[in-house]
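The values are calculated or read from the model by the stated rules, or taken from the named source; none is laboratory data. Please read all numbers here as calculations on a predicted model, not as lab measurements. Cβ atoms come from the backbone with ideal geometry, glycine included; neighbour counts cover every protein chain shown. With ligands, DNA and RNA removed, areas are computed over all heavy atoms of the protein, side chains included. Shrake-Rupley method; radii C 1.70, N 1.55, O 1.52, S 1.80 Å.
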Amino acid sequence: MEQVRLAFAARYGRPPAVVAVAPGRVNLIGEHTDYSGLPVLPIAIERHLLVASAPNDAEAVVRVASEQFDPPAEVVRGIANAPVHAPWHRYVSGVVAQVEGVSGGVGADVFVGGDLPPASGLSSSAALSVGLLAALGAAWGEPLDRETLVARAIVADRASGAETGGMDQAAIVFAQAGHALRIDFEPPARRAVAIPPGLAFVVANSGVEAPKGGAARDAYNERVVGARIAAAMLADQIGVDLTNPPRLGEIAGVDVVDILVEELPERISPVEVSRTGAAGLEQLVQLTAARFDHMRKVPVRKLARHILSESVRVDEAEAALTAGDLVRFGKLLDASHESLRADFGCSTPELDALCKAMRRAGALGARLTGAGFGGYALAAVPPEQVEAVLAAATEAGGGPAFEVHASAGLEVV
Ligand code: NG1
């Protein structure tokens, strides 16, 4: 905290008015389910982005410098589609657009520091959006309430290009220390799930970055479209109408769905689906910050198989935590990873090897966490095995490995 306050003062010549402390998050289970309206079970961790801010005199200009993101951003309020000079500037622009109505046309200076590594699957991008929104509102004397923060951070993140489902933003704002946060989207609900004694968590880097701006974002959006296609085709078969865009969550409970999934095409393009009449093309390809190529064939059958089975594992994992059945919980993490690897297709050989090494060193279970395609893996570990798992992970992954604890959500100081 002191370091960030000093860095702010060194850069802008005065102390910050507020500092928003936004944690990273690690998803325990429920991966690639949120944008289908299906549940997730993340924790916030004790690594944070610290977003220091104060109003400035430069009319309507928001200046953001950072330890972990480069180069500094400068966004003029009220200008739509201003050019961006680096991928992370999109998050800044997205957030500034979300505080358009706050405190007239005043500007602000911002410095972002902290110990949450970027591009890692620990949700630094959502921590940035949430932290910036909270810091700007508070610096301008009009703090946003927590529900509004989540809703606007989701819109800001979507404007930056990834069609996020909303898990990260809710986890970062609403997490409680010592608890996981079960989040439902359909209908919206949240509940804290106590982490039982005897359960520690290790996260470990796979040595492969998963940058939000590049191929990983494209792969993510492709799967968002694939999930919509699966929902539309299944609903068409069952004979129900879905909302727009179509989401698997609306039909996940229907008996025959698990059977019908196996009859879905392996890959199909949005335009082919629209010709069958199962859904309008717009419903399938519309993304907030881009249009998806409607001729591109995307994976459907195995992807839906993963999403529906993962949703059931979230229920089972919550029950296992509540019952203190750590062995069962570990097995569910393993099953989640296998499903992400074999069906969803977002693991990498490095993540597979890392999970294997952690299991061998005594973890109860291990899986990739976050969007995948690189980034971090998570292991559930008996406390007495933490050292051994950390050592094995460092050797296998090469990147940092550390223990994390379920921590509190956003704070504004
Ligand atoms: P990451 O990339 O780990 O922050 C992304 C999405 C989540 C969720 C997970 C996969 C964003 C900001 N977040 O998380 O909403 O869909 O992938 O479970 O895009």
Practice task
Working carefully through the options 203, 193, find the one that is in contact with a strand residue (DSSP E or B) (Cβ under 6 Å, 6 or more places away or on another chain), hydrophobic (A, V, I, L, M, F, W, C), under 30 Å from residue 176 (Cβ atoms) and within 13 Å of the ligand (Cβ to nearest atom).
Solution key: 203
Exercise for the section: Mind listing just one residue for me: the one in the range 277-303 that is more than 24 Å from residue 214 (Cα to Cα) and among the small types (Gly, Ala, Ser) and, of those, surrounded by the fewest Cβ atoms within 10 Å (Cβ to Cβ)? Expected result: 277
Exercise for the section: State which residue pairs qualify: first residue within 14 Å of the ligand (Cβ to nearest atom) and of a type outside the set (D, E, K, R) and inside the range 135-158, second residue open to solvent by 10 Å² or more (accessible area, probe 1.4 Å) and part of a helix (DSSP H, G or I) in any location, beta carbons under 8 Å apart, and separation of 6 or more residues or different chains. Expected result: 150/174; 153/98; 155/98; 156/91; 156/97; 156/98
Exercise for the section: Might you let me know whether the range 218-232 holds any residue that is open to solvent by 20 Å² or more (accessible area, probe 1.4 Å), in a loop (DSSP other than H, G, I, E, B) and of a type outside the set (Lys, Arg)? Expected result: no
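Among the strands (runs of 3 or more DSSP E) confined wholly to the range 41-153, which include 1 or more residues that are among the polar types (S, T, N, Q)?
41-56, 61-66
Does at least one position in the range 69-77 carry a residue that is in contact with a strand residue (DSSP E or B) (Cβ under 6 Å, 6 or more places away or on another chain), within 16 Å of the ligand (Cβ to nearest atom), more than 22 Å from residue 105 (Cα to Cα) and touching a residue at least 12 places away in the same chain (Cβ under 8 Å)?
First, pick out the residues of the range 69-77 that are in contact with a strand residue (DSSP E or B) (Cβ under 6 Å, 6 or more places away or on another chain): 72-76.
Still in the running and within 16 Å of the ligand (Cβ to nearest atom): none.
No, the conditions are met nowhere in the range 69-77.
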Completion exercise
Scanning the range 252-276 for residues that are closer than 19 Å to residue 299 by Cβ and either within 16 Å of the ligand (Cβ to nearest atom) or in a loop (DSSP other than H, G, I, E, B) (or both) gives 252, 262, 263, 264, 265, 266, 269
Practice task
Consider residue 73 carefully, then state whether it is farther than 29 Å from residue 379 by Cα and open to solvent by 10 Å² or more (accessible area, probe 1.4 Å).
Solution key: no
Exercise for the section: Evaluate the following for residue 288: is it more than 27 Å from residue 374 (Cβ to Cβ) and polar (S, T, N, Q)? Expected result: no
Problem - Filtered residue count, the range 372-398, keeping only those that are open to solvent by 10 Å² or more (accessible area, probe 1.4 Å) and of a type in the set (Ser, Thr, Tyr) - result: 1
Practice task
Would you tally the residues in the range 98-122 being open to solvent by less than 10 Å² (accessible area, probe 1.4 Å) and within 14 Å of the ligand (Cβ to nearest atom)?
Solution key: 3
